[in-house]
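Written out below as structure tokens is the structure these notes cover.
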Amino acid sequence: MQVHASCIAFEGMGVLLRGPSDAGKSDLALRAIEAGGQLVADDLVALELRGGRVWASPLPRADGRLEVRGIGIVRLPALDGAPLVLIADLSAPERLPEPEIESLLGVPVRRIRLAPFEISAAIKLRLAVHMASEDKGAARVSDNDDGR
């Protein structure tokens, strides 16, 4: 399955950055990389099941490429894949949201909403990835299983 998204990883734990065109996916990915993350894929992400987990990978011939608005397409060191522990929908978040889980390819994955252009967005993303990796499953499951 392919989704219009970007994916970065912190310490090998993947986060899928979702949103419409111009939502800030590539920009947030660039800032997350600067904050210690690693690029997995930009613009289109391949998702598949591996060992009961959802894995994100770049499409063939797209590995290491990131669109940097105003600069162009740049090549960066990249991972060839990472297990997803978090979905970040790029939109205005609630102040104190309840934890949410979305079923993606039939596997529960933690989901947050994040304002991508806030100065603290990359730091919040890193914190959320670590929280999701420790998730005990105490969250409500969303009906959304369309890979959005």
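The values are calculated or read from the model by the stated rules, or taken from the named source; none is laboratory data. No experiment lies behind these values; they were computed from the predicted model shown. With ideal geometry, Cβ positions are generated from the backbone for all residues, glycine too; neighbour counts draw on all protein chains shown. Note: accessible area is taken over every heavy atom of the protein model, side chains too, but ligands, DNA and RNA are not part of it. Shrake-Rupley method; radii C 1.70, N 1.55, O 1.52, S 1.80 Å.
Each residue of segment 109-119 was assigned a 3J(HN,Hα) from its phi angle through the Karplus expression (A = 6.51, B = -1.76, C = 1.60, θ = phi - 60°), giving 10, 5, 10, 10, 10, 9, 7, x, 9, 5, 4 Hz with x at Gly and Pro.
If only the Cβ of Lys and Arg carry +1 and only the Cβ of Asp and Glu carry -1, the dipole of the chain around its Cα centre is close to 180 debye.
Once neighbouring chains are kept in place and the probe is 1.4 Å, which whole percent of the accessible area of segment 65-108 is contributed by carbon and sulfur? Whole-percent figure for carbon plus sulfur exposure: 56. DSSP assigns beta bridges within the chain; of those with both partners inside it, close to 65 percent run antiparallel.
The residues MET13, MET1, sorted by heavy-atom accessible surface at 1.4 Å with ligands and nucleic acids left out, run MET1, MET13 from largest to smallest. Per-residue accessible area (protein heavy atoms, 1.4 Å probe) orders PHE117, PHE10 as PHE117, PHE10, starting from the largest. Averaged over its residues, the chain has an accessible area of 54 Å² per residue, based on protein heavy atoms and a 1.4 Å probe.
The residue list ILE87, PRO77, LEU17 was ranked by how far each Cα lies along the charge dipole of the chain toward its positive end, using unit charges on Cβ atoms, and PRO77 comes out on top. Shape class for segment 53-114, computed from the alpha carbon gyration tensor (a ≥ b ≥ c): oblate, with a/c not under 1.5 and a/b at or below b/c. The listed peptides 72-79, 127-134, 87-94, ordered by packing as a protection proxy, come out as 87-94, 127-134, 72-79 (highest mean of other Cβ atoms within 10 Å first). Note on exposure: ARG50, ARG31 ranked by accessible area (1.4 Å probe, complete protein assembly) read ARG50, ARG31, with the most exposed listed first.
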